[in-house]
Structures are given as C-alpha cells and as structure tokens.
Amino acid sequence: MNSNIESDTPYCINTISVDSNGVFIGGIPLRHSFSLLSLQLILVVIISRFLYFVLRPLRQPRIISEILGGIIVGPSVLGRSAAFRKAAFPVRGKTVLDTMATFGVMYVFFVIGVKTDPSLIRRAGKKAAIIALVGVLLPYPAMMLTVYLLKHYLSVSLGDAFHVSVITSFQSITAFPVTIPILSEFHFLNSEIGLLATSSSIVCGICWWITICIYVILHASIHSPLRSLGAFLSLLALVVFILCVFRPLTKWIIRKTPEGKPVAEVYIFIILAGVLVIGFFSEMVGANSFNGALVMGLVIPDGPPLGSTLVEKLDSVLSELFLPLFYAMSGLKTDVFAIRDMKQLMALLMIVIVGLLMKIVGTLLPSLYFKMPFRDAISLGLIMCVKGQVEVLTYNYWWDAKHLNNQSFAVLVLSAVATTAIVTPLFTFLYNPSDRYMANQRRTMFHLKPGSEVSILTCIHHQHNVPTIINLLEATYATKESPLAVYAIRHVQLVGRAAPLFIPHKFARNTSSASASTSGGGSVKGGSQVDPIINAFHIYEQRNEESVSVHSFTAVAPYTTVHDEICQLALNKGVILIIIPFHKQTLDGYIEINHGALIMNRNIIHNAPCSVGLLVDRTIGGSLCTLVGNFSYHLACLFFGGDDDREALAYVSRMSQHPHVRITAIRFLSYGSAIDRSRERKLDNDLFEEFKAKNIGNQRVVQREVMVRDMEQIVTVIRSLDIDSFDLFVVGKHHENNLLLSKLVSSWTEFPELGVVGDLLASPDFGSTTSILVIQQQINVRLHVPGLPNSLTMAGREDTIRNSTIRHQSSPSRRSPRRIQEGDASVRFPSSQA
C-alpha cells in the first residue's frame, strides 16, 4: 500500500461526441461515447451471465460471476490484448464509463437501503448486537498486530499507519448490502441464521459509518483543525437533514397516497431527485455518494406503498445494467500481472487470512455463549465473512485516492472474490434450516387421541379458496369436547423489502363484524387492515365461538421462503394438519397457474412438521359468504392402503360424526391381497374395520370394498359413482401397499405432489368438477433414543394403531434417505414401511 503512486491514467482526455453518423457514411461508431458504452455493457453482461450459468451449480452467488466478468474484460484477461483494449475499452471512454457506473451504483445502494428493515436490530435484541460487535472488535486488533509484526520483523512496508488502520478496520466489517442479497439468493433470508446475520450485519454497518465519520474528520484535521470541525458539522447536517426533513417527507407521501392506489409519479421524482442531492453533498463532505444514498434508503418505510413502488421501478434496471458497468470499471483496474512483489503479496494475504479467521472466531464465541448449536454458529461465522460490492467499491475509492497501488488493489479484489466463493458454498452445505421443523412427536390425524384439540393451519393466496377451505373446516366437526384451533395465514407476495414480515391479527371479540388490528402496524399490499379473507375466518369463528378458535396472520414473504413462516408456526402451535391450495385452479372460466405457489407447496410438503393436505379447489365463483347454518357436505374417501391413505381415512372418520356430512368410503383391494400378511396390510385392515365399526347404524356413511385387477378397473369403479354429486374427494398421496398404483408413479402423474390417484382425479380428461384433498402423513419426526448404540433399535407402530413411535423408510422413490443427527441421538425417518 503506497501513497506515492504514479497513475498511467492521462489527465487530458479528448472529448468525444455522443452519437455516430453510422458506418454507411464513413462513421466509426466506437469512436463515439454511446456506441462505446453500449458495447462495453453488452460484453460485461454476456460474460457475467455465462459465468453465472457455469458457476451456479457450484453454489456460487451471482456477485461472484459479476465481479469475475468485470475482471475478464480488464487487463488480467481480455484487456491483455492491445487491440481489444483499444477497441472496447479505450482511455477516451473511461470517464463516461466511470461516471455512469458510479451514478448507477449510488442508486443500487439506495434501493438496497429501501429493501432493508432497520427494525430487525430491535427485534433481534442484544444477541445480534453482541455478535456483531465482537465480530468487529476481535479481528481489528489481530490484524493490527499482524501488521506490526510484519513491519518490524519482516520489514514489509504497507504504507502510513493511518491508512493501514482504516483499511484493516474495514476488513473486519460485514456489509449488509452484501449479506442480504446473498442470503436472499439462496433463500436463507427468512431462516433463523439468515435473520440473525442480517441484524448483525446492519449493526456492523453502523460501526462502519461511525468509522467513516471518524476517518473524514481525522483526514480533514491533517490540513487544519478548522477543516476538521467543518467536516464534523457537515456530516451532522447531512444526517439531520435525512432524519428530520427527508423521512417526514416520505411519511407525508404515504399519508397522501390513497390505500390501494399507486404512489403519484411526482412523488417518485421528488425522491429520486433527493437521492441525487444527498449523493452530491455526500461527495462534497468526503463520505461517498453511495453511503448517503444507502442511509437515505434506510429511512424510507419499506414495503408498500412507497418502498415497493421504488423497488419495482428501479431494481431490475439497476441490477441488470448499472451494476455490470460498475464491475467493468473495477475490472479495468484489476491487473493480476501487476502482482510482482511477493513479499508484499504474502503480507497482504496474511492480514486478510488473519482477519477472516478472527471474524469467524469473533462470531462463533458469542454465538456459543447464547447456546446456539455449534454447526449453526460456524455457519453464521462463515456468512458474516462474505465480501462483495461494498468492498470492491471501497477499494476503488482507495485506489483513486492513491491509498492502494495496482498490486494491493488486485490482491484485495481477488481476496474478496475468493473469500465469498469459498464461504458461500460452505455455508449452504453446513446450514440446513429445515432441521428446525423436526417435530418430537407424531402430529397426525391418525395418532390424535380422542377428545384432543385439533389444530389445523391453512395458507391462502386468493379469496376464491376461502369458501371451500371454511366448508372443509366446518366438516372437520369441532365440538366442546374436541375443539378446533385454526391458524389462517393470508400470504402476500413480498415486494419492496428484503426481510419478510409476519403480522398477527387481533380481533375484537363479541362483535358482529370483523374489527381486526395488526400488531405489526400499518397495512400490507393486497389488503387493508381488515382484510376480507381474514374477515371471513373471523365470521366463521363467531358462528362457532364455543368450539372454534381462529388465529389469523398475514405473511409478507416470497413464495420461495414463505414455507419457513408456515412450518415454524405449525411446529410452535402443535398443528397436526396443514391445508394448502393447489397451484392450478380455474377462475372465471380461465385456468390460472401460480408457479410461485407450486414452489411453496413443494417446500411445505417436504419440510412440514405434521401432515399436509393439498386442496384442489374446483368450486365456481369467489364469494366469501359461507352459510354454516345451512351446511351440507358430501365427500368420497378412496382407500388403497399405506400411511397417507390411513391418514386420509382417519380425517374422514372424524368428519363422519358431523350430522350434516355424508360419506362414501371405498376400499380398493387387488387380487391376491388376501394372502398378504405384512404389518402394513394389518394396519390397513384394522383401521378400515375400526371405521366400519364406528359408523354402524350411521345412515350417512356408506362403506364398500371392491376387488380390482388394474388401473382401468379402478377408473371404472370411480366413474361408476355419481362423481358430480360429491363436494370433495379425499385420498392419500402415496399407496405403498398397492402394487397397481406404486408402479404408475412416474408414468401416470403430471403433478407428482398429487400422487397417482389425485393426479387422475384432477386431470381434465377425468371430467369431474369435484374438489380434491390429497393428504400426506407427517414425514419429519425426531425421536430421542436413550443410550443410542452404533446400531439403532427401531420399533414400528403398535397393533393398537394409536401408539406409533417411529416411521420407517419406504420405497426409494418417495423420500430422501434418513439422517441420524449426532449429539441429541435423534433420527429422521422420512417415510413408512414396517
């Protein structure tokens, strides 16, 4: 790090025109700034996208491919060719490229600030603050000690002490504008470690801003104490303006925007112009434009209406166009062939490595103090080490200010890339957030004790699903002796914020209408404070106030991570069944396919700590009115055998006690099954016989057993029913004991999450308009085995059916292999076969 560096950048640059006359009249487009900038952008975007496609399977974040794309067009790779450098990245175009890149990255940081919720620090409490502070304070003295030893014992010159101190302090910081995008990209942002890492990195960001202020003031004091005072007052005035003028302005804009209406374009213009003003004054006081823009973004309330509008208008353009220009600007300064001083290279690498190790240790120790599992603590330490655009941008600033020479700049940029490229895949390998959804006991209808409370969770995207779900809940038959607890989650797609939001609703009891309040404050996109979906569930609760309790929530989260909120709530509340709508449904005569809901459903099915019901809603119309007083329900249960079918029949058995529910239960037997003496077969027999015995004399319940040879006969039997007279088909997802169906899993199913029979019933070729509930029994359960030896002793379900303790491995096509976790002697058995 040398403060006396001669730059090869010329100080006199010939001005070039913007537009070209075209090649057909003798013009040379690349001699004009617009054509040249377009070519540069095209090259960087194509290269970075190609690298992202190649590196994605290696669990590399997008930022790695973008930085490498910039390096490739620089003097390290393609820029080694004088012809390429002269044609694509000539010196005359450097000013335009740098200006556009800096302008764009200022708005990139503004958008990152808008999407970030500073209140995460308050929610995380002292845990995040202590982890962040120890993670900052421990690496800094270790790196300074390393610098001292290198200087005095190895005679390595690293520059003046002041700038070395600033650079080493920066190495100990975790920048949340880097951490949040990486966590979001790999869908860890809503996990326990993701939220803690986000909160801790925001605290680190505050530490860095304090460091910047101290640096600006001390750097000004080198010239005179008066300038130091001026720098302090300028920074103070900048912060006061943002907090006391700009933030009240944004709140006023939100108040002026009618609920459900878009923010007026004039307000958007005012805010974007304000970013320019703040960026200008930040540069004037030496704090860098991106720091001012980031703080400005943080004070804007995230989410709708203002935050989401800004993100929707800016995010794609900035991330897809301006960020590549910034990395191209950085890549032009990164020259690996400038690394010639091996002594200084080893010294810099030693400082970086010491800083990373101390960062991991500084995060690990307080995490263990707060009783965090060792593997999670290591994972948190790794993700707190990631480097990205903040580091590269700061290195650029130091290079421009002559605090770094070409070698030091190249080493620091490459070390940032290498660090993130190593720790990110390690983090994704070590941390598995689904482990926290493991239940310690069976949570199924099959194992529910008589007279117990039934807890059901449902997630809804559209109001069209509400009548069918509420009718299904009514059919579940809640009584005073066995009440029903409903957890209704209204899902809203996340827009305009990075961290998800989970809002519980509190109802005013004993009222004729839903008077709901949100403890999260404010309204959410897609609904007012009294959402019609939430209101419908409250009305259902009022009509069954002695036997039903409804707890309503709004989850503002992306489809890729909303299962975290759903599964965590199900685990905490002891839910035994999650009901989710199928991603494909018919609305107003049109088929609507929600690909986001498909991702959510598959995540829930794989991670749920209880049983899951996938509801194919085929009712016509979207009215939210449900006349419980005139309730009448007719359903058919198709029983083939296996865990999921037994769970479905157990649920239907509870419904059979409802005085207004009619049931047709059909058991399908294959020829030769009579000689089957397996344990699974015995469980099927016992449960069906129990169901028949329970409904002796019940005129509303019809039971049938039919023998079938093939799938064609199964279809014939189902079609022989008056299928359009039913309100619902109930069927299990998998049928392990039925050889006819188990062979058809891969060849018959269009939607594997429905299983063979569910997929058949949902097929347009089947011609039915009846809704379908496909049930999967709980697959994730944690069992604590005292004195677990090297070989695990396992016991299956008891013959009494109700006292199951474990679920065994089924066919290999059904689930991932079981996992034995060290430490707590717990076992995961994803499926069942005796």
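The values are calculated or read from the model by the stated rules, or taken from the named source; none is laboratory data. Worth saying up front: this structure is predicted, and the values here are computed from it rather than measured. Each accessible area value is taken on the protein alone, full model and side chains, heavy atoms only, with ligands, DNA and RNA left out. Shrake-Rupley method; radii C 1.70, N 1.55, O 1.52, S 1.80 Å.
Data table
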| item | result |
| --- | --- |
| Å² per residue, accessible surface of region 280-425 at 1.4 Å | 35 |
| Convex hull of Cα atoms in region 37-97, direction-averaged projection (nm²) | 4.1 |
| In order through region 35-50: 3J(HN,Hα) via Karplus (6.51 cos²θ - 1.76 cosθ + 1.60), integer Hz, x for Gly, Pro | 4, 5, 5, 5, 4, 4, 5, 4, 4, 5, 5, 5, 5, 5, 5, 5 |
| For region 442-489, accessible area per residue (1.4 Å probe, heavy atoms of protein chains only), Å² | 29 |
| Accessible area of Arg719 in the full protein assembly, 1.4 Å probe (Å², nearest 10) | 120 |
| Ratio Rg/Rh [Cα only; Rh per Kirkwood] for region 282-412 | 1.05 |
| Listed residues Arg49, Arg62 arranged by accessible area, highest first, probe 1.4 Å | Arg49, Arg62 |
| Scattering profile of region 328-391 at q = 0.19 Å⁻¹ [log10 I(q)/I(0), Debye over alpha-carbon scatterers] | -0.83 |
| Potential extension, Leu276-Val240 segment - 0.36 nm per residue separation minus Cα distance | 11.3 nm |
| For region 649-728: span of alpha carbons on each principal axis (Å, largest first) | 38, 28, 19 |
| Heavy-atom accessible surface of region 341-434: percent carbon and sulfur, 1.4 Å | 75 |
| Stokes-Einstein D (µm²/s) once Rh is taken as the Kirkwood radius of region 376-488 over alpha-carbon pairs, at 37 °C in 0.692 mPa s | 167 |
| Probe 1.4 Å, accessible area per residue of region 53-159, Å² | 46 |
| Residue-level accessible surface for His634, protein heavy atoms, 1.4 Å, Å² | 20 |
| Apportionment of accessible area to carbon and sulfur, region 215-334, percent (1.4 Å) | 72 |
